[in-house]
1. Of the conditions (1) modelled with pLDDT of 95 or more; (2) under 18 Å from the mean Cα position of the chain (by Cα), residue 133 clears all except one; give me its number.
2. Tally time: how many residues in segment 88-121 are modelled with pLDDT under 95 and within 26 Å of residue 51 (Cβ to Cβ)?
3. Does residue 143 satisfy the condition of being more than 18 Å from residue 198 (Cβ to Cβ), in contact with a Gly (Cβ under 6 Å, 6 or more places away or on another chain) and buried (at least 16 other Cβ atoms within 10 Å of the Cβ)?
4. Any chance you could count how many residues in segment 82-112 are closer than 18 Å to residue 201 by Cβ and loosely packed, with under 15 Cβ neighbours inside 10 Å?
Amino acid sequence: MKYLFFFILCITFAILPVYSQDKKEEDRSKKIEVGAWLGASNPMPGTPSQEVLDTSLGFGIFGRIPWPYFFYTEVGGMYSVYLSQTERALTTIPIYAALAYQLPIDLPIKFFLKAGGGSAYTVARPANTARWNPMMYGGFEASFIAGRKVRIGIRLDYNKIIETNLDVPAIYRFPLQSTADDPRLFRPNEYRLRDADFFHFGLMVSLLI
């Protein structure tokens with residue numbers, strides 16, 4: 001019996017450092033995070049947005065709260081200004097909330113899948129329309145913790161800004177043009193409501209607090 005007790009004691013002391021290290025790694029990553037990213041903001045290829053708007057530089061901020069196991073709640077915002085070869089331009093400020101899932105892969109680099117939604121404030125020129133539109137959000141992240149307090153990585157964010165739920169403005173349903181109307185904008189037969197798709201690819205850094 002005493003040999004059995006001695007054997008169990010040895011196994012316990014052998015496993016304890018490994019368990020403590022794994023627990024330490026898990027506890028180190030399971031903290032509230034605040035961070036930012038900077039990178040390319042792009043209209044989705046093959047969409048009407050990509051035909052008229054150019055790639056731009058965008059940035060965003062985000063915060064992440066851990067759940068038990070591999071889940072996180074992430075909230076954030078982005079800012080991008082898309083120009084073109086014409087007078088057209090679009091400013092987007094998406095605000096989102098998402099559920100993030102960390103893939104249970106035992107590697108120094110951690111992978112996150114994200115899905116959620118929110119709202120995007122859009123300003124379209126030359127029409128100068130400004131409004132909030134509903135938005136769908138998806139994302140992917142590959143990152144690692146450097147030291148104790150900093151996470152570094154890359155991230156891919158997808159925004160689908162929804163406009164097809166709106167009604168066509170009355171001025172385009174009843175084509176009565178006045179001398180005050182801009183002839184570049186008054187084209188009732190060409191007016192279409194379309195959803196806009198964008199993706200952002202950037203470098204990120206966050207602080208674990």
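The values are calculated or read from the model by the stated rules, or taken from the named source; none is laboratory data. Computed from a predicted model, the values in this text were never measured in an experiment. Cβ placement follows ideal geometry from the backbone for every residue including glycine, while neighbour counts extend to all protein chains displayed.
1. (1)
2. 3
3. Considered against the rule, which asks whether it is more than 18 Å from residue 198 (Cβ to Cβ), in contact with a Gly (Cβ under 6 Å, 6 or more places away or on another chain) and buried (at least 16 other Cβ atoms within 10 Å of the Cβ), residue 143 comes out as yes.
4. Summing the residues that are closer than 18 Å to residue 201 by Cβ and loosely packed, with under 15 Cβ neighbours inside 10 Å in segment 82-112 gives 1.
Per-residue answers, yes or no, for (1) in contact (Cβ under 8 Å) with a residue 40 or more places away in the chain; (2) in contact with a Cys (Cβ under 8 Å, 6 or more places away or on another chain); (3) of a type in the set (Ser, Thr, Tyr):
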{"residue": "64", "(1), (2), (3)": "yes, no, no"}
{"residue": "67", "(1), (2), (3)": "no, no, no"}
{"residue": "73", "(1), (2), (3)": "no, no, yes"}
{"residue": "79", "(1), (2), (3)": "no, no, yes"}
{"residue": "84", "(1), (2), (3)": "no, no, yes"}
{"residue": "89", "(1), (2), (3)": "no, no, no"}
{"residue": "93", "(1), (2), (3)": "no, no, no"}
{"residue": "98", "(1), (2), (3)": "yes, no, no"}
